[in-house]
Structures are given as C-alpha cells and as structure tokens.
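Novice: The structure that follows is given in the form of structure tokens.
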C-alpha cells in the first residue's frame, strides 16, 4: 500500500526562503518538506476535505465567470481580477498545447517513486490515495494535476493556447491589486474558497473568495515521490532562480497574508493556475 506523507502544512501565499534540503520530521511542527517550501502549523489539525467535497465548495454567485478549454477538452471557469484573467480552477490537462502527451508518473510503488525523483523532463501525476483493499483512487477532478517544473517551463506550453503559467511578477501584480483594494495583509483570504479549509486553533481557515478565484486545499508530490496530506495548495510560478529551483505560491488554512519569495525543487509536483496572455 502506498504511504501518504503526513507533514506540517505549507507556509504563506508565496515562496518562503528556507533550507532547501528535504526534512520530513514532524516532531516540532516545523521544518521543510522536501519541496523547498517552509512548513508551519500543527499536523494534529489535519481534518482534510474529502475529494467529493470539492464539488460542494460554492462558486461566487456575484462573479461573472468566463471560460477556457484546454487541448483535452476540459473546460475551466475563468475570472478577471484587475487587468488579469485567471483560471478559477486547477489545470488538469494530460497534453501540451501542441497535442504532445505529458508523461504520467504513476504513484504506487518504489519504482514509480524512483522515476519521479530522477526525471528531469516534463511530467505530471494525479494526487492518489489507496483504499484499505488496495484499490487506487484518482483525485483528478478534485485537485487537478500535479506538474513538475519541467512541464511548466516546456516551450510546448502546459496551458491552453493563448494562456501561460504566471511569472512571479504576475503573481505579485495579483497580490498588489488585492492589497490596494482593501485586502492588504489579507490577500490569501481573498483568494481562498469560502468552504473546505481546516479550522485552526478555533478559527476558521476559510476565505472570502471575493473575486471568485476559489482557491481550495490540495496537495503536492515531494521530490521523493511521496504526497503531502491534503490541506494546503501550492501553484507554480514560471520563474526559476537556479538550475534546480523555481518559485511557487502557496495558500494555507491559518494564514491570511502573503510575504516573501523562495525556492522549490523543480522535481516537486505542484498545481497550476494559468493566466491569459
């Protein structure tokens, strides 16, 4: 049976500077997770949403959503925030925009974990869990795909034609807009879904979803092939800062703000939100 990596939850809505060496210790509720993202929180609060519950997370009825369709025929709601148009759902394509297949690295045995750890080209997976009788469940429609950075930076474009993975500057433009429109230090809350997030120390982790971004919890795949427990969400930036590391943005239940930039291993599998060209 596949082991689920239970870790303290990820940090801020943004990349955190940290020690990029993997460390899965949960003894003191802090440390790094092997993705290069800082962890804060207490794993005793891990009452995570079930896959089917994401269907029940409401959309903002006051938002006029657009739509975009990927190469596989998946249709996504989109939302305009400031001068940017964003996907309001996580990407789940299995092909680049030119039709080439994105290699899928299975989760379920040691060989697949080794493959995930060693691959240096574009790849993705679904967040997977294993039932008591050994059956595998895919969470494709709940959380979307988990893509390594090599897929993100591939010139064939993991996003639909006319769309792309946002750069760090484009994420910053989003959060600057939120901060200047009444959400300073609460940018994360403005992007979170209104349901689905864990309570933390008696406080609700849910957001206001004021713009319809509908950021709900998901997971990520560690460089060693293990999955973090569902409870936070990280999205790639298209920006890299070395041969091995790139940037991402993260939401977590007990933090409402965003701050800082940091590094993540390119081999990690994170979610993707695309932005219109």
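The values are calculated or read from the model by the stated rules, or taken from the named source; none is laboratory data. Computed from a prediction, not measured in an experiment: that's the story for all the values here. Methodologically, a virtual Cβ is constructed for each residue, glycine included, from the backbone with ideal geometry; neighbour enumeration extends over all protein chains shown.
Novice: Can you give me the number of residues within the range 241-258 that are assigned to a strand (DSSP E or B) and touching a helix residue (DSSP H, G or I) at 6+ places or on another chain (Cβ under 7 Å)?
Specialist: First pass over the range 241-258, keeping only residues assigned to a strand (DSSP E or B): 245-252.
Filter once more, so that each one left must be touching a helix residue (DSSP H, G or I) at 6+ places or on another chain (Cβ under 7 Å): 246-247, 249, 251.
The qualifying residues number 4.
Novice: On to the next question. Would the range 88-107 turn up any residue that is in contact with a strand residue (DSSP E or B) (Cβ under 8 Å, 6 or more places away or on another chain), at pLDDT 95 or above, buried (at least 18 other Cβ atoms within 10 Å of the Cβ) and not in a loop (DSSP other than H, G, I, E, B)?
Specialist: No: the range 88-107 contains no residue that is in contact with a strand residue (DSSP E or B) (Cβ under 8 Å, 6 or more places away or on another chain), at pLDDT 95 or above, buried (at least 18 other Cβ atoms within 10 Å of the Cβ) and not in a loop (DSSP other than H, G, I, E, B).
Novice: Kindly indicate the residue of the range 218-232 that is at pLDDT 90 or above and crowded, with 24+ Cβ neighbours inside 10 Å and also nearest to residue 176 (Cα to Cα) among those meeting that condition.
Specialist: So the residue we want is 220.
Novice: Take the conditions touching a strand residue (DSSP E or B) at 6+ places or on another chain (Cβ under 8 Å), at positive phi and at pLDDT 90 or above and apply them to residue 209. Does it pass?
Specialist: yes
Novice: Sort out which residues of the range 58-115 are touching a helix residue (DSSP H, G or I) at 6+ places or on another chain (Cβ under 7 Å) and within 17 Å of residue 269 (Cβ to Cβ), and write them in order of number.
Specialist: 90, 92, 102, 105, 106
Novice: Only one of 196, 182 is modelled with pLDDT under 95 and farther than 14 Å from residue 87 by Cβ; which?
Specialist: Just one listed residue meets the conditions, 196.
Novice: If we scan the range 116-131, do we find a residue that is out of contact with any helix residue (DSSP H, G or I) (no Cβ under 8 Å at 6 or more places or on another chain), free of Cβ contacts under 8 Å to residues at least 60 places away in the same chain and surrounded by fewer than 18 Cβ atoms within 10 Å (Cβ to Cβ)?
Specialist: Within the range 116-131 (the criterion being out of contact with any helix residue (DSSP H, G or I) (no Cβ under 8 Å at 6 or more places or on another chain), free of Cβ contacts under 8 Å to residues at least 60 places away in the same chain and surrounded by fewer than 18 Cβ atoms within 10 Å (Cβ to Cβ)), the answer is yes, since at least one residue qualifies.
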